[in-house]
1. Please give the contour-minus-distance gain from ASP145 to ARG358: 0.36 nm per residue of separation, less the Cα-Cα distance, rounded to one decimal in nm.
2. If I model a spin label as a point 7 Å beyond the Cα along the Cα-Cβ vector, how far apart are those points for GLU82 and ARG252 in nm?
3. In percent, what relative contact order does the chain have, based on Cα pairs under 8 Å that are 6 or more apart in sequence?
4. Taking 0.36 nm per residue of separation and subtracting the Cα-Cα distance, what length does fully extending ARG277 through ASP196 add?
5. Applying 1/(1 + (r/R0)^6) with R0 = 45 Å to the Cβ-Cβ distance of ARG291 and ASP10, what FRET efficiency is obtained, to the nearest 0.05?
6. Taking LYS163 as the anchor, which aspartates and glutamates have their alpha carbon closer than 16 Å to its alpha carbon, excluding any fewer than eight residues away along the same chain?
7. Viscosity 1.567 mPa s, temperature 4 °C: Stokes-Einstein D of region 109-196 from its Kirkwood Cα radius, in µm² per second?
8. Could you state the accessible area per residue of the chain in Å², with a 1.4 Å probe and every protein chain left in place?
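The values are calculated or read from the model by the stated rules, or taken from the named source; none is laboratory data. Note that the structure is predicted; figures quoted are calculated from it, not measured. Reconstructed Cβ throughout: ideal geometry from the backbone, glycine too, with neighbour counts over all protein chains shown. When the accessible area is computed, the model is the full protein with side chains, heavy atoms only, and any ligands, DNA or RNA have been set aside. Shrake-Rupley method; radii C 1.70, N 1.55, O 1.52, S 1.80 Å.
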Amino acid sequence: MTTIRLLDWDRRTARRGALDGVLLLGTADPYVYHLPSCVLAMGRKADLTAFASEPQARAAGLKPCKRCNPHRLHAERGDGLELFHRLSERLETEPASVPSPTALAEAVGVTDDVLAVVLGDHAHATAGEWLERKRVAFAARQLLDLGATARDASHAAGFPGIKPFERAFGLLMGMTPDDYRHLGTQPGFSIRLPADYRKDAVLAYQGRDVEGLAERSDASRVWKALDTPDGPAIVDIRFEGRLANVSVTSPRRLGIASFAILHRDVLKVLGLRNDIRAFEAAHPDLVSARRGLRVPLVPRAFDALCWAIIGQQINLSFAGSLRRELILLAGERVGDMIVHPTPEAVARIDPDDLTRRRFSRAKARYLIETARAIAEGKLAVEALAEDSAVDAERRLTALHGIGTWTARYVMMRIGFADAAPVGDSGLATALERMYGLAERPDAIATARLMTPYAPWRSLASLHLWASL
Ligand SMILES: [Zn+2]
């Protein structure tokens, strides 16, 4: 696999077929992408859009050309998935062996450009961001599982020194390595918030259903019921200045592994997974008065998936009441709250119990079939966020009743940075207003209009929703 700068390609080389599999060319009418050698892609260079990868062309809403069938060649080459898995394995086992993005590219025998495309497509991150995230995750395991000192964890994870380690750890984990090492010795922990943090989006999202059973919020607090390996728990998050102070209550004693999961869950609730500075610098007009807005994430992918299935084709308040019914029917009680049901619990529901509670027959079937597929081990839904985005979309849309909108919505809510839920009516309305369009954009037009926001289409979607 090779890649070249997108503007530098040469017509004669393209015609010879030497660029097939290297880049793709998009035409506006019809709105499709081609192999560079395709006779239908011979227009003026200025009329063609070059894409470094098939996921990029598809994200822009283009369909494969029926004449040159670019998807066949790219499917044969695997679109970098195998390479992505090799990179992930390297970082999970010996992160210190690759001190820089260039060293990582060399270790797997590709150029820096190829590395950037593969990590952009599969991790929705730059090589630098991804390396840092993987190193911090590795160090976190050393601290908690092995009781390593901060200095040893830093060294093992491949940080050039303790200072850069502490800075990266603090940014991604919201606490110092030493505090993280002591997770579980107290019934709570504190997360340091970025200077530009705004809690309003998180409070509004967690309080979107005023009668919420699994989560609720007031003016400065969020409560969320969550399951852990040791049983159900409630995290109570209080915003106090630059801190989010978290207390954990549970009828059972929670071990360190459970605390590590709850810590990660709280970071997701707070929307602290992805850095927002590059996006804000690139799109000041869209950001305008909403500086500091982050995508509130859903701690459990299965919860996000159920919510997306329930929300298809109905309004928000009806969706909220159906979700409550599902939680009442199959969730586990903890204190005065109820944890969102597990896939196993939803898989056991009789479809009639859902239709009796105003679920449509189709919705009941999609929910239960999806839960069964997960319970039977056919889809590792909770592992999706740390795996390939391309693969996640493919696996989700392979499920019955799950289309691009549902898959992208879930991807956005579990932490992928570049997933636009095309087909979303709110997103279409926001774009229609922003561009003063004569009609509402359909899914393809929405994808096209969202292209300038790559590689941050998740956060751009949230800003567009917030603009309504
Ligand atoms: Zn073609």
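1. Details: separation 213, 0.36 × 213 = 76.68 nm, distance 4.60 nm.
Fully extending the segment from ASP145 to ARG358 adds 72.1 nm.
2. So the two model labels end up 4.3 nm from each other.
3. Details: 722 pairs, mean separation 53.8, N = 468.
Relative contact order, the chain: 11 percent.
4. Details: separation 81, 0.36 × 81 = 29.16 nm, distance 1.00 nm.
Taking 0.36 nm per residue and subtracting the Cα distance, the gain is 28.2 nm.
5. Numbers: r = 43 Å, r/R0 = 0.94.
According to the calculation, E is roughly 0.60.
6. GLU132, ASP152, ASP178, ASP179
7. Details: Rh = 14.1 Å.
The estimated diffusion coefficient comes to 92 µm²/s.
8. Numbers: 21060 Å² over 468 residues.
With all protein chains present, the chain gives 45 Å² per residue.
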